[in-house]
Amino acid sequence: MPLMSGNLIKNLFAGPVTRPYPVAKRRSFPRARAQLLYNPTGCTYCGICANICPANAIQMKEDRESLRINRTYDSFACIYCARCIEFCPNGALKMGVEHLEPTDRKAVMRTAGRA
Amino acid sequence: MARVTFPFGPQHPVLPEAIQLQLTCEDERVVEVLPVVGYMHRGIEKAAERNPYSHNVFLCERICGICSFIHALCYCELVESMTKIKAPPRAKYLRTIWSELSRIHSHMLWLGLLADSFGFESLFMQCWRAREIILDTLEMTTGQRVIQSTCTIGGVRCDIDSEMKPEVHRQMKAFKKELEAIYPVFARDYTVKARLVGKGVLPKEQAWSLGTVGPVLRGSGWAYDARMLGYAAYDELEFEPVVENGCDAYARMMVRLREVVQSVELVVKALDRMPDGELAVTARRFPEGEGIIRVEQPRGELVEYARGNGTVRLERLKVRTPTFSNIPALLLMLPGCEVADVPVITLSIDPCIACTER
Ligand code: SF4
Ligand code: SF4
């Protein structure tokens, strides 16, 4: 215990290391991979992202009747590896640095394109 | 004396993961131990056979949350050897830096858990506070705190550029300062010594014959570390394994503590010597034939074996993790000890059950 006394005295006068979370948030790092931002207008529905996604978070399905391609993105399956961003030929995907809020509901994002 | 058999785990305050030890005791003394495993099995090896081989990097990272980067590195180096490509020198240095940062944060986590297991709460908090600096460094350089996803077949996916380098140096300096406050407490404090010295003794010969690896082996006096094989950039960093001769829980703790100091030095050295150049090369063929590789994780030697057939999928991926080799030694350390020492001795091998069962 005596070996700790120096640390203890220092800690006594130092402020807390933790933050009161929802009130004070940590500043994100510019490289943080926290959200996958998708811009449907830039997307050509080429399907590359769905092919290379290791978590199958992006899925593309052809709808033969309406002649459209349905693209779904499940942010809960996504592991935020940023591979899709590297491979997207049209720059329709981007990484956001702000972490998502905790949620109690799961939803997938659906878009459809190209007749 | 009547014998009593009771379960230790799978849910126990000192166990970060689920493993059960069935302890048979006479009075307060343990006479027999039987491990019960299988709570954490996830079928990762089978899943690896279904994925395209490049997706397995992300799967392998998830074998273990603490040493995720080293799992990815191991898989990437294995596939690189099978596809006959070589990662560029800068990528090798970056891999070394991130491996060592993973090692530091794993050891700091363990040191905190150990302090917690013998009731030294304030030391536990200080270890984890120091670890936060390393996690911040990892997030700053790679984008994620725990599962970095930066290693890729043929190299790495991001860089520590000249702007980031001084910041990493600053973080390492801040960490060193925190470590200097903690080190003497672990090394010399009466409470720590009373709970660790002479506990869980593993004699030198048995450590070798039972096939233990990592700090358990080095704590019993064997200078063996897979980093001596010189994968990544370790061959250029004059690496020397840390060895202690105490053969007990205290010696194993000291190995890890000294390894933290050594890892900080390795990170700084690798940062300074890192050559310029490209970050990754592309594999031009699919893995074919067989490959085997050994790398050093925080918990010991990790062995991976793969067999490919020239297609996009591997035929077999086999992962042997360090805790798997250390559990037999644990069964030898426990009989004869007091029930109160079981948590400390169990922790002294740094069990990682999710790794072991994959
Ligand atoms: S970030 Fe990774 S896991 Fe998420 S959608 Fe893109 S490729 Fe898939
Ligand atoms: S790779 Fe890019 S353009 Fe192609 S489908 Fe995905 S988001 Fe759209």
- Message: Can you report the number of residues in the stretch A:56-115 which are within 15 Å of ligand 2 (Cβ to nearest atom) and either assigned to a loop (DSSP other than H, G, I, E, B) or touching a His at 6+ places or on another chain (Cβ under 8 Å) (or both)?
- Response: 12
- Task: Scan the stretch B:317-344 residue by residue and report those that are in a helix (DSSP H, G or I) and within 20 Å of the chain's Cα centre (by Cα).
- Result: B:Pro322, B:Thr323, B:Phe324, B:Ser325, B:Asn326, B:Ile327, B:Pro328, B:Ala329, B:Leu330, B:Pro343, B:Val344
- Query: Is there any pair with a first residue in the stretch A:25-54 that is at the interface with chain B (Cβ under 9 Å from one of its Cβ atoms) and a second that is within 10 Å of ligand 1 (Cβ to nearest atom) and at pLDDT below 85 whose Cβ atoms are under 9 Å apart and which are 6 or more apart or on different chains, and what are they?
  - Reply: none
- Checking A:Lys25, A:Lys61 in turn, the sole residue that is over 30 Å from B:Val156 (Cβ atoms) and open to solvent by 90 Å² or more (accessible area, probe 1.4 Å) turns out to be A:Lys61
- Consider A:Asp74 carefully, then state whether it is more than 30 Å from B:Ser122 (Cβ to Cβ), among the charged types (D, E, K, R) and either open to solvent by 50 Å² or more (accessible area, probe 1.4 Å) or touching a Pro at 6+ places or on another chain (Cβ under 9 Å) (or both). no
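Per-residue answers, yes or no, for (1) modelled with pLDDT of 85 or more; (2) assigned to a loop (DSSP other than H, G, I, E, B); (3) more than 13 Å from A:Lys94 (Cβ to Cβ):
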position	(1), (2), (3)
A:Leu12	no, no, yes
A:Pro16	no, yes, yes
A:Tyr21	no, yes, yes
A:Lys25	no, yes, yes
A:Leu36	yes, no, no
A:Ala50	yes, no, yes
- Name the residues in the stretch B:97-125 that are at pLDDT below 90 and either out of contact with any helix residue (DSSP H, G or I) (no Cβ under 7 Å at 6 or more places or on another chain) or open to solvent by 10 Å² or more (accessible area, probe 1.4 Å) (or both), would you? B:Leu113, B:Asp116, B:Ser117, B:Phe118, B:Gly119, B:Phe120, B:Glu121, B:Ser122, B:Phe124, B:Met125
- Query: Does B:Arg29 qualify as being in contact (Cβ under 8 Å) with a residue 60 or more places away in the chain, over 27 Å from the mean Cα position of the chain (by Cα) and open to solvent by 40 Å² or more (accessible area, probe 1.4 Å)?
  - Reply: yes
- Query: B:Lys176 fails exactly one of the following numbered conditions: (1) touching a residue at least 24 places away in the same chain (Cβ under 8 Å); (2) more than 28 Å from B:Gly143 (Cα to Cα); (3) more than 11 Å from chain A (Cβ to nearest Cβ). What is the number of that condition?
  - Reply: (2)
- Message: Exactly one condition in (1) open to solvent by less than 70 Å² (accessible area, probe 1.4 Å); (2) over 19 Å from B:Thr142 (Cα atoms); (3) within 15 Å of ligand 1 (Cβ to nearest atom) is false for A:Ala112; which is it?
- Response: (3)
- Please indicate, with yes or no, whether at least one residue in the stretch B:276-290 is open to solvent by less than 10 Å² (accessible area, probe 1.4 Å) and within 24 Å of B:His105 (Cβ to Cβ). no
- Task: Please indicate, with yes or no, whether at least one residue in the stretch A:78-93 is on the phi > 0 side of the Ramachandran plot, within 16 Å of ligand 1 (Cβ to nearest atom) and within 10 Å of chain B (Cβ to nearest Cβ).
- Result: yes
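The values are calculated or read from the model by the stated rules, or taken from the named source; none is laboratory data. None of the values given here were measured: they were computed from a predicted structure. For neighbour counting, all protein chains shown are included, and Cβ atoms are generated from backbone atoms with ideal geometry for every residue, glycine included. The accessibility values were calculated without ligands, DNA or RNA, using every heavy atom of the protein model including side chains. Shrake-Rupley method; radii C 1.70, N 1.55, O 1.52, S 1.80 Å.
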